[in-house]
Amino acid sequence: MPKTLYYAHDPMCSWCWAFRPSLNVLIEKLPKEINIIRLLGGLAPDSNISMPENIREYVLQNWRAIEKKVPETKFNYDFWEYCKPRRSTYPACRAVIAARKQKNKFDAAMTLAIQKAYYLQARNPSDYETLIELAGEIGADKNKFSKDVTSPDINKILKEEIQQSESLDLKSLPSLLFINGEKKIKIEPDYLDAEVMLNKIKLLK
């Protein structure tokens, strides 16, 4: 069985946004024989209801906490003024899968595009209109993407990835699990030092 690192995330998870720089360093330094599998964990199901005040405050508290813990992480608070936030991340998750269907490299590219739109550009990735625009911006076929992103096939894949994340006990996001044969270890995300995570992986030989 190949060595595998599972990464469970959601493109609209603010802690995943904060984790991205450290994750990129980890991936860059991983031994080439380690297979990386990205899974959409799915934070919040589809909803057309405006985000309740208590949830809005919870998300804002997360943003502020992240800015203290990971100072290089930036947020554009204009989002809360110019957009109508909804607690709905499944559309963004489907968008990553629909983009990946066109090219594997679009998985990471679409994730980053959604994160930048949400956290830096005050655009709402809960809206399919925004997601279709982002697909075009990363070079994907917008027409194909717009059909795929709401298709039953893409929704089925999302459900499977959420179930797989849960079966691997990757319920909090972001989460990492390294498997080497019958050995496995959950890697606590380190937002400031990728070497800490890399050393834990190297120990499991």
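Among the residues of segment 98-114, those identified as surrounded by fewer than 21 Cβ atoms within 10 Å (Cβ to Cβ) and touching a residue at least 24 places away in the same chain (Cβ under 8 Å) are 101, 102, 103, 107, 108, 109, 112.
The rows are residues; the columns are (1) of a type outside the set (Phe, Trp, Tyr); (2) without any contact (Cβ under 8 Å) to a residue 12 or more places away in the chain; (3) surrounded by 13 or more Cβ atoms within 10 Å (Cβ to Cβ).
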{"position": "152", "(1), (2), (3)": "yes, yes, no"}
{"position": "166", "(1), (2), (3)": "yes, yes, yes"}
{"position": "179", "(1), (2), (3)": "yes, no, yes"}
{"position": "198", "(1), (2), (3)": "yes, no, yes"}
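Residue 176 satisfies every condition listed in (1) out of contact with any Lys or Arg (no Cβ under 8 Å at 6 or more places or on another chain); (2) at pLDDT 95 or above except (1).
One residue alone among 119, 7 is farther than 22 Å from residue 163 by Cα, of a type in the set (Ser, Thr, Tyr) and either surrounded by fewer than 22 Cβ atoms within 10 Å (Cβ to Cβ) or in contact (Cβ under 8 Å) with a residue 12 or more places away in the chain (or both), and that residue is 119.
Residues that are more than 17 Å from the chain's Cα centre (by Cα): which helices (runs of 4 or more DSSP H) entirely in segment 97-205 hold 2 or more of them?
On the way: elements: 106-119, 128-137, 142-148, 152-167, 194-203.
Per the criteria, 128-137, 142-148, 152-167, 194-203.
Just one of the listed residues (36, 49, 66) is β-branched (Val, Ile, Thr), surrounded by fewer than 16 Cβ atoms within 10 Å (Cβ to Cβ) and either within 29 Å of residue 200 (Cα to Cα) or free of Cβ contacts under 8 Å to residues at least 12 places away in the same chain (or both), and it is 36.
Among the residues of segment 75-85, not a single one is surrounded by 12 or more Cβ atoms within 10 Å (Cβ to Cβ), modelled with pLDDT of 95 or more and among the hydroxyl-bearing types (Ser, Thr, Tyr). Count of segment 99-112 residues, restricted to those that are touching a helix residue (DSSP H, G or I) at 6+ places or on another chain (Cβ under 8 Å) and more than 18 Å from residue 43 (Cβ to Cβ), is 6. Can you tell me which residue within segment 181-196, out of those that are out of contact with any Phe, Trp or Tyr (no Cβ under 9 Å at 6 or more places or on another chain) and modelled with pLDDT of 95 or more, is surrounded by the most Cβ atoms within 10 Å (Cβ to Cβ)? Result: 194.
The values are calculated or read from the model by the stated rules, or taken from the named source; none is laboratory data. Only a predicted model underlies this, so the values are computations on that prediction, with no experimental measurement involved. Ideal geometry is used to build each Cβ from the backbone, glycine not excepted, and the neighbour counts take in all protein chains shown.
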